[in-house]
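Each remark here refers to the structure printed beneath this line.
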Amino acid sequence: MPSIKQLKKNINNDIGDLIEDIYLWELSNPSSDLTKSEKLIDEAIITFDDLIQQVNAVSGEGVKAQFKKIQEIKGKAITALLKKFAKL
């Protein structure tokens, strides 16, 4: 079971890497319509906030199961964001 600190760091790194990739895409495609990429960045930030709130809400019985569920949600969210990024 990862610690809360490590889980938050993993969420930050994964979402941060995705946002960085989107910014690099924007720089390499300046003539493209950037509204879709900006919406994707906003969605990534909202996903980050939601995941951090879930981590902060972990308490009581079954902490290990709660962490596992958050990691599954994170994986699905990152995958969905990457699929949207691939369509840009």
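What follows is calculated from the coordinates using simple rules that are stated; it is not laboratory data. This one's a predicted model, so the numbers in the text were calculated from it and none came from an experiment. Cβ coordinates were reconstructed from backbone atoms using ideal geometry, including for glycine residues, and neighbour counts include every protein chain displayed.
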Stretchable slack from Asn29 to Lys68, in nm (0.36 nm times residue separation minus alpha-carbon distance): 10.3 nm
Nearest-ten-degree value, helix 63-86 long axis tilted from longest Cα axis of the chain: 10 degrees
Per-residue Cβ neighbour rank within 10 angstrom, fewest leading, Val55, Val63: Val63, Val55
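Too long at a 28 Å Cα-Cα cut-off: which of Lys5/Lys36; Lys9/Lys83; Lys36/Lys68?
Long pairs (Cα-Cα over 28 Å): Lys5/Lys36; Lys36/Lys68.
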Mean projection area, nm², convex hull over Cα of the chain: 5.4 nm²
Net +/- balance of residues flanking Val55 in space, Cβ distance below 12 Å, scoring K and R +1, D and E -1: +3
Summed residue charge, Cβ within 14 Å of Asp33's Cβ, Lys/Arg positive, Asp/Glu negative: +1
Estimated [θ] at 222 nm from DSSP helical runs (n ≥ 4, -39500 (n - 2.57)) normalised by residues in the chain, nearest 500: -28500 deg cm²/dmol
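Order by neighbour count: Ile4, Ile11, fewest other Cβ atoms within 10 Å first, most last.
The most exposed by this proxy come first: Ile4, Ile11.
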Total formal charge among the other residues, if their Cβ is under 15 angstrom from that of Gly16, Lys/Arg +1 and Asp/Glu -1: -4
